[in-house]
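Worksheet: the structure to be examined is printed underneath.
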Amino acid sequence: METLVCNGLSKTYGTVKALDHVDLKLEEGKIIGLLGPNGSGKTTLIKLASRLLVPSEGNVTICGLEPGPETKAMVSYLPDRNYLPDWMRTKDLVKMYQDFYGDFDVERAQEMLNSLGIDYDMPLKKMSKGTKEKVQLILTMSRHAKLYLLDEPIAGVDPAARDYILKTIISNYDETATVLISTHLIADVENILDEAIFLKEGKVVLHQNVDELRDTTGKSVDEYFREVFKC
């Protein structure tokens, strides 16, 4: 089943075309890398799928539905920046997610938080950047969603935190779901990817199975990415 479908999807800001007639079909059960340099349209695509933006042209569907209240219940979205109130404690955040999302798995969240020794009474403002990133990801991945949209989930955290974040992603999504990870840190994520999408200046220049990409090019995804996007 196709989880996310884009047909001629475009988004323009004034005279700048952030996305330019993107056609994509993403199937369930896949972890897919949305790869490209800064300004290539990755965040715009994710926000369109999350219905935080409205297309200028074309359309996007989630499990065959136009983005709206019904699809919001299917999509778990992690923005590229801290979006949670700094004054809230870990236990308050868990309760908030439980109240907001019917598919939120409290036991799954508690298990991951406990494994990291995160203090339930500690407010976000007292946490390190890496710990905040982990809390946000745990909340996102504790939903039983059909589509996970993760925008730069490993940017700005240390290598040990990256390993934990990637392990959390692959361990906590349903095989009938799709995970779309936006990043420019290709080498860190390519081992967990099933497919890679290269975005350049708002256009899809490649969408391929990563094993096939390695076989046909003789390069890693990171090496091939550097070749395609070299200055």
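Quick grid of which residues meet (1) free of Cβ contacts under 8 Å to residues at least 40 places away in the same chain; (2) among the small types (Gly, Ala, Ser); (3) surrounded by 14 or more Cβ atoms within 10 Å (Cβ to Cβ); (4) touching a strand residue (DSSP E or B) at 6+ places or on another chain (Cβ under 8 Å):
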position	(1), (2), (3), (4)
17	no, no, yes, yes
38	no, no, no, no
50	no, yes, yes, yes
77	no, no, yes, yes
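Under the condition of being under 15 Å from the mean Cα position of the chain (by Cα) and in a strand (DSSP E or B), which residue from the stretch 71-89 is farthest from residue 113 (Cα to Cα)?
Of all residues in the stretch 71-89, those under 15 Å from the mean Cα position of the chain (by Cα) come to 72, 74-83.
Now narrow it down to the ones that are in a strand (DSSP E or B): 75-78.
Numbers: 75: 22, 76: 18, 77: 19, 78: 17 Å.
The qualifying residue farthest from residue 113 (Cα to Cα) is 75.
Listed by first and then second residue, the pairs linking a residue in the stretch 154-165 that is touching a residue at least 12 places away in the same chain (Cβ under 8 Å) and more than 19 Å from residue 180 (Cα to Cα) to a residue that is assigned to a helix (DSSP H, G or I) and of a type in the set (Ser, Thr, Tyr), with Cβ atoms under 7 Å apart and 6 or more places separating them unless they lie on different chains, form an empty list. A Cβ distance below 8 Å, combined with a sequence gap of six or more or placement on separate chains, defines the contacts here; from the stretch 184-202, residues that are aromatic (Phe, Trp, Tyr) reach residues that are assigned to a strand (DSSP E or B) in the pairs 198/35; 198/204; 198/205; 198/206; 198/207. Scan the stretch 200-221 and give yes if some residue there is in a strand (DSSP E or B) and surrounded by 21 or more Cβ atoms within 10 Å (Cβ to Cβ), otherwise no. Yes, the stretch 200-221 contains a residue that is in a strand (DSSP E or B) and surrounded by 21 or more Cβ atoms within 10 Å (Cβ to Cβ). Look at (1) outside any helix (DSSP H, G or I); (2) surrounded by fewer than 13 Cβ atoms within 10 Å (Cβ to Cβ) and you find that residue 191 fails only one, number (1). Report yes if residue 92 is more than 24 Å from residue 4 (Cβ to Cβ), among the acidic types (Asp, Glu) and assigned to a loop (DSSP other than H, G, I, E, B), otherwise no. The answer is no for residue 92. For beta carbons closer than 7 Å, sequence separation of 6+ or different chains, a first residue in the stretch 87-105 that is touching a residue at least 24 places away in the same chain (Cβ under 8 Å) and a second that is among the β-branched types (Val, Ile, Thr), the qualifying pairs are 90/118; 90/135; 93/135; 94/106.
Cβ separations smaller than 8 Å between residues 6+ apart or across chains give the following pairs from the stretch 111-129 residues that are surrounded by 14 or more Cβ atoms within 10 Å (Cβ to Cβ) to residues that are part of a loop (DSSP other than H, G, I, E, B) and aromatic (Phe, Trp, Tyr): 113/120; 123/87; 124/87. Just checking, does the stretch 156-171 include any residue being modelled with pLDDT of 90 or more and out of contact with any Phe, Trp or Tyr (no Cβ under 7 Å at 6 or more places or on another chain)? Checked the stretch 156-171: no residue is modelled with pLDDT of 90 or more and out of contact with any Phe, Trp or Tyr (no Cβ under 7 Å at 6 or more places or on another chain).
Mind listing just one residue for me: the one in the stretch 108-153 that is among the acidic types (Asp, Glu) and outside any helix (DSSP H, G or I) and, of those, nearest to residue 176 (Cα to Cα)?
Residues of the stretch 108-153 that are among the acidic types (Asp, Glu), as a first pass: 111, 119, 121, 133, 151-152.
Still in the list and also outside any helix (DSSP H, G or I): 119, 121, 151-152.
On the way: 119: 32, 121: 35, 151: 21, 152: 23 Å.
Restricting to residues being among the acidic types (Asp, Glu) and outside any helix (DSSP H, G or I), the top hit is 151.
For the stretch 53-70, filtered to residues that are assigned to a strand (DSSP E or B) and of a type in the set (A, V, I, L, M), the residue that is surrounded by the most Cβ atoms within 10 Å (Cβ to Cβ) is 62.
If I ask for residues that are aliphatic (A, V, I, L, M), within 14 Å of the chain's Cα centre (by Cα) and within 13 Å of residue 203 (Cα to Cα), which ones from the stretch 1-60 would you list?
Within the stretch 1-60, 34, 35, 45 qualify.
Within the stretch 163-181, the set of residues being over 17 Å from residue 109 (Cβ atoms) and over 14 Å from the mean Cα position of the chain (by Cα) comprises 163, 175, 176.
The values are calculated or read from the model by the stated rules, or taken from the named source; none is laboratory data. Because the structure is a prediction, the values reported are computed rather than measured. As a convention, Cβ positions derive from the backbone with ideal geometry for all residues, glycine included, and neighbour counts pool all protein chains shown.
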